[in-house]
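Okay, structure first, notes after.
Just so you know, all these numbers are worked out from the coordinates, no wet-lab data involved. Just so you know, these numbers come straight off a predicted model, no measurement behind them. We place every Cβ from the backbone using ideal geometry, glycine too, and count neighbours over all the protein chains shown.
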Amino acid sequence: MASAEPDTPEAVGERRGFIKFFCAFIGTLISLVPFGAGIWSYLNPLAKRDSGDGGDGFIKVTTIDAIPADGTPAKFTVVADKVDAWNRFTDVSIGAVYLRLVDGLPKALHTVCPHLGCFIDYRPGNNDFFCPCHNSNFKLDGVLVAGGVSPRAMDPLQIDVRNKTEVWVKFQNFQPGHSHAVPIS
Amino acid sequence: MKSLLDWIDHRTGVFQITKSVLFENIPGGSRWRYVWGSTLTFTIFVQFVTGVFLWMGYSASSGDAWESVNYIQNEMTGGWLLRGIHHWTAQFMPLLLLLHLMQVVIDGAYKAPREVNYWFGVLLLLLVLALSLTGYLLPWDQKGFWATRVATNLMNLVPFAGPEMQKLVVGGTEYGHHTLTRFFALHAGVLPGLLVLLIVGHIYLFRRHGITPAEPVIKRNAYFWPDQVFKDVVACLAVTVAVLGFVLWHHGAHLGAPADQSEPFSAARPDWYFLFLFQFLKLPFFAGENEVWGAIYIPGMAVGLICLMPFIGRWNLGHVFNVGIIFVFLGGAGALTYLAKREDVAGPNSAKYLKAVLDDARDAHRVTALAKDRGIESTALSLLKDDPKTQGARLFAQHCASCHRYDGHDGLAVELAKAVPLDELEKRTEMTSRFFSGDAVHPDWLARQSSTNEWQTVRSLLQVKAKGPFDVIASTKPKDAPEAPDLKGFATRQWIRDLLDPDKYISARYFGGTAHKDGDMYKKFLNRKVRRYDTEDHIMLDAIAVALSAQAKLPGQAADDQSDAALIRKGIEDLKDNIGCIDCHAFGEPDPDADGPDLTGYGSRQWIVDFVKNPEHEKFYPDNNDRMPAFGVKKILTDKEIGLIADWLRGDYFEPPAADPGH
């Protein structure tokens, strides 16, 4: 008749190596399956690339007449279609740009601070740009005023004037925190 | 009953466990300084309970998050209380964590054999901060949105894989649905799960090693129950009372205007316990590429140093060093927090910061009222974008205020106070007042004596010690003098009556800054004729003002227009037959010879829209338009935008009932 008492732990430790290996290895492996599936889907943003709308990336923002003639910058909302995961939105604001006229030609600057991404303000009293978060100052042409903590000047955006008066801007966002502008894609 | 309890105990051993928990020995007896761990456990319990109930009302998507939080806060029975408790408890937790950490370090409770438990505690501290950070975004309001952008952009600085990490946390390249779903999963799933694991480990190790008695031990040992439990309960009660006090004071928790990445928000700040880091990054040393030091390396080293305290504490003066370091850290963080707050309320750009706070509150109240009145068809943000009161004012500020004014400002001022005495005004400009008060006044904002039209900065009024009372608005004085009429009250009876006053007509409030001050209206009519009018003629002008204003069909004057039908008929008669307005203006039918604006439907929505589209149209100023752009013809503004401006000028928008407590 077999003993009712199990083997001592020490005795178990000396044999049945395959079963123990099987338990540890397979147990770990099957436990990792749900993590693997989850992490694979979590990494989805790294696999996705902006497919774009197939166009040249320029978006009509306004007309030249809407930009102050005296060279004062004005903020304009950039309106475009936007895909947000499972939704496609038509004609929604996707950001903003500052436009000003220099010798009659429009120039565009991104409103987002290259430091950490706050919305840069135009200060009429000082006639400059100012980031309300970490106090970086920029001149009207976007150049960083000495002493500011931003690693680079405000990001200029390409402009195309179409049909004589329409102002089209190649709107894109850039990685903050670097001394050179790296487009986010 | 006893047999039932015995049965349960026999099957579960619950009484034995309870007994071992309650009858833990405390060397030196109970102390008030031991309460922080228990209060933290209690606040985490509160956060779990309120968080789960909030979860039942929350929807994590960029089109629903703000909307669902607004519903919880303003529509759901008891929602404001639930959200308020969750929010304000979260505000207290960092404070309790700091007190707990200080107690642990000062008492040397990090020393062997309690190192692992100490590290568990540090991890718990970091987890609670991560919970706060992820929770900040979830309402998807302006403050949370812009502040979280800063926080996630910091990840971009991490060496080697920063941009990829940011993309994973944000859920893509743009902030949207997946940012919220990921933050919410962290906030309500991953982080609380880790928190529970660590708390179980923390309490297990705490029980295993026992409490570290505060030296000197002068009292006799005692059990945890009931003396220490009593002190813990009193401390938890104090926390609860304090939290409820804040909840009642604020009627829940602040919810700003919906996130809008096209609208500036000059008050993007983290919660109070991250302000020191926010201020730290302003230091010139961290300019440019050195930012990574201020954002990642130095905070990382500080946390590393805190983790190394058990080893440092082994040296002769190690414990003294550790205690000193904790005080240095706390003192530095406290000083930076104070500087950040001070800069916001009394720094060179504080007027803008405080105005942004008020703008946000105004927009938040507005969108809440709109949502309550008409429901949300697509998103709350679209309610604001289609709202004349909000969007009309913004468009006016951008496109019209370089020449026109609206009550002396750009249309975006926030009214702060009516008839406030000078002494009171002075108090409200003080920094301490602004630190704590929501209705403070910045010295650079505008005030005017109640009987005048002229706005001046509060600062200049205080300097000359002018007599009060004053009305105060949050708006800074526009850089340039006005060049076109002030359109506050446009087409109202009073506005038209003042227009017919020769002196007011050529004042800056009307046409003093335009070529019209030298036009026929002034020279041939107002200056030549009206200045000689007798009382009877002025009564006719009064009637004309009423009649012309009725053409506008202003919603705010509808009742008066209805009751003054006879006066309006007389005014039209006077306008046509007695005063001679139709010598220069068309009225009722087209007049090709007229050289002044057509007065038919003057001030009506269609009239304003047509005028803004093309002031040089033959109905208005075909030959003598003075610099007013043809906003429609030149496609500066869309038809919808012009309509929003017209509706805003006419006051033709929804207003909630005055007695509504939500506003």
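Can you give the calculated 222 nm mean residue ellipticity of chain B, where each DSSP H run of n ≥ 4 adds -39,500 (n - 2.57) and the sum is split over every residue, rounded to the nearest 500 deg cm²/dmol? Display every interim value, and only then the final one.
Working: 28 runs with 347 residues, N = 663.
Mean residue ellipticity at 222 nm (helix-derived): -16500 deg cm²/dmol.
Would you please give the FRET efficiency between B:Thr41 and B:Gln91, computed as 1/(1 + (r/R0)^6) with r the Cβ-Cβ distance and R0 = 22 Å, to the nearest 0.05? Intermediate values should be presented prior to the final figure.
Numbers: r = 18 Å, r/R0 = 0.80.
That gives a FRET efficiency of 0.80.
Given H placed on each backbone N at 1.01 Å, which residues far from B:Phe470 in sequence or on other chains put an amide H within less than 5 Å of it?
B:Ala419, B:Val420
Within region A:62-96, find all residues whose amide N lies under 18 Å from a label point positioned 7 Å from the Cα of B:Thr638 along Cα-to-beta-carbon.
From region A:62-96, the list is A:62-67, A:75-83, A:88-96.
Using helices alone, I'd like the mean residue ellipticity at 222 nm for chain A: each DSSP H run of four-plus residues gives -39500 (n - 2.57), total over residue count, nearest 500. Could you put the intermediate results ahead of the total?
Working: 3 runs with 34 residues, N = 185.
-5500 deg cm²/dmol, from helical runs alone.
Please name which of B:Val328, B:Ile298, B:Ala287 has its Cα lying farthest along the dipole of region B:243-330 towards the positive end, using unit charges on Cβ (Lys, Arg +1; Asp, Glu -1) and the Cα centre as origin.
About the Cα centre, the residue reaching furthest to the positive side is B:Val328.
Could you give the length gained by full extension between B:Trp225 and B:Met301, i.e. 0.36 nm per residue of separation minus their alpha carbon distance, to one decimal place? Provide the component values of the computation, followed by the final result.
Values: separation 76, 0.36 × 76 = 27.36 nm, distance 4.01 nm.
That works out to 23.3 nm of additional length.
Shielding of A:82-88 by partners, i.e. mean partner chain Cβ atoms within 10 Å per residue?
Details: counts 2, 3, 11, 11, 3, 5, 0.
For this peptide, the per-residue mean of nearby foreign Cβ atoms is 5.
Which of the helices in chain B meet the span-like rule: DSSP H, Cα axial reach of 18 Å or more, Kyte-Doolittle mean at least 1.0?
Numbers: long enough: B:35-55 (29 Å, 1.45); B:79-106 (40 Å, 1.08); B:115-137 (34 Å, 1.68); B:142-155 (20 Å, -0.13); B:191-209 (26 Å, 1.26); B:229-250 (31 Å, 1.90); B:318-346 (40 Å, 0.92); B:350-374 (36 Å, -0.58); B:535-552 (26 Å, 0.72).
Those that clear 18 Å and a mean of 1.0 are B:35-55, B:79-106, B:115-137, B:191-209, B:229-250.
Between region B:582-616 and region B:412-442, how many Å separate their Cα centres?
With region B:582-616 and region B:412-442 each reduced to a Cα centre, they are spaced 44 Å.
Starting with the highest mean, order A:82-90, B:572-580 by the number of other Cβ atoms within 10 Å, averaged over the residues of each peptide.
B:572-580, A:82-90
Please list, ordered by chain and number, the residues whose modelled amide H lies under 5 Å from the amide H of B:Asp486; skip anything fewer than 5 residues away on the same chain.
B:Arg405, B:Tyr510
Considering just Cα atoms, how many Å³ per residue does the convex hull of region A:58-170 enclose?
Values: hull volume 12.4 nm³, N = 113.
Enclosed volume per residue, from the Cα hull, is 110 Å³.
Based on alpha-carbon atoms only, what is the radius of gyration of the protein assembly as shown relative to the globular estimate 2.2 N^0.38 Å? Could the numbers behind the result be given before it?
On the way: Rg = 33.5 Å, N = 848, 2.2 N^0.38 = 28.5 Å.
The protein assembly as shown yields a ratio of 1.17.
Charges at C-beta only: +1 for Lys and Arg, -1 for Asp and Glu. How large is the resulting dipole of chain A about its Cα centre, in Debye rounded to 20? Intermediate values should be presented prior to the final figure.
Values: 17 positive and 19 negative charges, 43 e Å.
For this selection, approximately 200 debye.
Might you list the cysteines of chain A that have no disulfide-compatible partner by the rule of another cysteine's Cβ under 4.7 Å?
Here A:Cys23 come out as lacking a disulfide-compatible partner, given the Cβ-Cβ threshold of under 4.7 Å.
Once you put a point 7 Å from the Cα of A:Ser179 and another 7 Å from the Cα of B:Lys427, both along the Cβ direction, what distance in nm separates them?
Spacing of the two 7 Å Cα→Cβ label points: 5.4 nm.
Only Lys, Arg, Asp and Glu count, each charged at its Cβ (+1, +1, -1, -1), so figure out the dipole size of the protein assembly as shown about its Cα centre, rounded to 20 debye. Each step should come with its number before you reach the end.
On the way: 83 positive and 93 negative charges, 642 e Å.
Charge dipole of the protein assembly as shown: 3080 debye, to the nearest 20.
Consider a paramagnetic label point 7 Å from the Cα of B:Leu330 along Cα→Cβ; state which residues of region B:233-253 have an amide N under 20 Å from it.
B:235-236, B:238-239
Report the label-to-label distance for B:Val320 and A:Ile39 in nanometres (one decimal), using points 7 Å from each Cα along the Cα→Cβ vector.
For B:Val320 paired with A:Ile39, the spin-label model returns 4.8 nm.
For peptide B:249-261, how many partner chain Cβ atoms fall within 10 Å of a residue's Cβ, on average? Before the final figure, lay out the partial values.
On the way: counts 0, 0, 0, 0, 0, 0, 0, 0, 0, 0, 0, 4, 11.
Partner-chain Cβ atoms within 10 Å, mean over residues of B:249-261: 1.
Report the full-extension gain for the segment B:Ser460 to B:Phe436: residue separation times 0.36 nm, less the Cα-Cα distance, to one decimal in nm. Walk me through the numbers on the way to the answer.
Working: separation 24, 0.36 × 24 = 8.64 nm, distance 2.40 nm.
Extending this stretch completely gives an extra 6.2 nm.
Among B:239-246, B:105-112, B:430-437, how do they line up from the highest to the lowest mean number of other beta-carbon atoms within 10 Å? Working shown, then result.
Details: B:239-246: 15.9, B:105-112: 18.5, B:430-437: 13.9.
My ranking of the peptides, most packed first, is B:105-112, B:239-246, B:430-437.
With +1 on each Lys and Arg Cβ and -1 on each Asp and Glu Cβ, and nothing else charged, work out how big the dipole of region B:32-180 is about its Cα centre, in Debye to the nearest 20.
On the way: 7 positive and 8 negative charges, 89 e Å.
Using Cβ point charges on Lys, Arg, Asp and Glu, region B:32-180 gives about 420 debye.
Take the Cβ-Cβ distance between B:Trp55 and A:Leu46 as r, set R0 to 35 Å, and report the resulting FRET efficiency rounded to the nearest 0.05. Don't skip to the end; give the middle numbers.
Working: r = 29 Å, r/R0 = 0.82.
E between B:Trp55 and A:Leu46, to the nearest 0.05, is 0.75.
If R₀ is 60 angstrom, what is the calculated FRET efficiency for the pair B:Thr452 and B:Ser378, using the beta carbon separation as r and rounding to 0.05?
Numbers: r = 44 Å, r/R0 = 0.74.
Once the sixth-power term is evaluated, E becomes 0.85.
Determine the shielding of peptide A:123-134 by partner chains: average, over its residues, the number of Cβ atoms on other chains within 10 angstrom of each Cβ. Write down the numbers at each step before the final one.
On the way: counts 4, 6, 7, 3, 1, 0, 0, 4, 3, 12, 13, 11.
The mean count of partner-chain Cβ atoms within 10 Å per residue comes to 5.
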